[in-house]
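Novice: Before I ask anything, here is the structure I am working with.
The values are calculated or read from the model by the stated rules, or taken from the named source; none is laboratory data. This one's a predicted model, so the numbers in the text were calculated from it and none came from an experiment. A quick note on method: Cβ atoms are made from the backbone with ideal geometry, for glycine too, and the neighbour counts reach across all protein chains shown. These area figures cover heavy atoms from the full protein model, side chains too; ligands, DNA and RNA do not enter into them. Shrake-Rupley method; radii C 1.70, N 1.55, O 1.52, S 1.80 Å.
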Amino acid sequence: MENIVWHEHHVTKEDREKIKNQKGCVLWFTGLSGSGKSTIANTLEERLNQMGYHTYLLDGDNIRTGLNRGLGFSQSDREENIRRVAEVSKLFTDAGIITLTAFISPFIKERKRAKEIIGEDHFIEIFIDTPFEECAKRDPKGLYKKALNGEIKEFTGLDSPYEAPTHPDIHIKTLEESIPTAVEKIIFYLKERGILC
Ligand SMILES: Nc1ncnc2c1ncn2[C@@H]1O[C@H](COP(=O)(O)OP(=O)(O)OP(=O)(O)O)[C@@H](O)[C@H]1O
Ligand SMILES: [Mg+2]
């Protein structure tokens, strides 16, 4: 970091937020594969867009085809994947955008690190809580079938742990809450927190 000097910008996060009538933040979705992160995040983004808010969705597989192409699924690559997503989310937040991220992010430590990078005031953890058996039954990408046949190693929930959030800001149980119910619950929370002005 020698010879690198941070340049203070004249236009601040607050200046950018003011013209959008919203607060920049990160809605960090976490949950097993197939739990419903992408489905709920997509529907929520659509709803927020229709309401006139400026959003952006960073979704696991899409990011792995671009920014994080070349990263695999080893422990260190998974950590680097999440670190980069957190850094990008931080920039989007500073731009005043409501940023949605949909990554399994199974480890408490990595989510804690993401929260530290982004800043706790701007980090909203959303736990998409769906039991393993239900995710395996839905299997939208056919990954559970492969993993249960031994074709994928270190699959979250099977031979790699999922550490559920202990105090998520928003807890969605998809066996009990439909997609529209989940979306309305998140919007209610965002209004209460003053994110949507
Ligand atoms: N209440 C619900 N909420 C969300 N998804 C639901 C619900 N009920 C059924 N589903 C279905 O569950 C599946 C969830 O798949 P989705 O791709 O959103 O999971 P994901 O968490 O993004 O997984 P991955 O980590 O592999 O990307 C979809 O087929 C969706 O239609
Ligand atoms: Mg997804």
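Novice: Take the range 87-106 and flag every residue that is open to solvent by less than 30 Å² (accessible area, probe 1.4 Å), outside any strand (DSSP E or B) and either of a type in the set (A, V, I, L, M, F, W, C) or closer than 27 Å to GLY157 by Cβ (or both).
Specialist: SER89, ILE97, PHE103, SER105, PRO106
Novice: Please count how many residues of the range 47-72 are farther than 18 Å from ILE104 by Cβ, within 16 Å of ligand 2 (Cβ to nearest atom) and within 16 Å of the chain's Cα centre (by Cα).
Specialist: 1
Novice: Oh, and also: Give the residues of the range 1-48 that are surrounded by 16 or more Cβ atoms within 10 Å (Cβ to Cβ), within 16 Å of ligand 1 (Cβ to nearest atom) and in a helix (DSSP H, G or I), sorted by residue number.
Specialist: Residues satisfying the conditions are LYS37, SER38, THR39, ILE40, ALA41, ASN42, THR43, LEU44, GLU45, ARG47.
Novice: Something else now. Would you confirm, using the coordinates I've provided, whether LEU71 is part of a loop (DSSP other than H, G, I, E, B) and in contact with a Gly (Cβ under 7 Å, 6 or more places away or on another chain)?
Specialist: So LEU71 does not fit the description; no.
Novice: Still on this model: Hey, can you tell me all the residues within the range 49-72 that are open to solvent by 40 Å² or more (accessible area, probe 1.4 Å), at pLDDT below 95 and in contact with a Ser or Thr (Cβ under 9 Å, 6 or more places away or on another chain)?
Specialist: Within the range 49-72, ASP61 is the sole residue that qualifies.
Novice: Suppose we keep only residues that are of a type in the set (Lys, Arg) and within 16 Å of ligand 2 (Cβ to nearest atom) within the range 112-141. Which one would you say is surrounded by the fewest Cβ atoms within 10 Å (Cβ to Cβ)?
Specialist: If we take residues in the range 112-141 being of a type in the set (Lys, Arg) and within 16 Å of ligand 2 (Cβ to nearest atom), then LYS141 is surrounded by the fewest Cβ atoms within 10 Å (Cβ to Cβ).
Novice: Of all residues in the range 17-42, count the ones that are within 16 Å of ligand 2 (Cβ to nearest atom) and either on the phi > 0 side of the Ramachandran plot or over 14 Å from the mean Cα position of the chain (by Cα) (or both).
Specialist: 3
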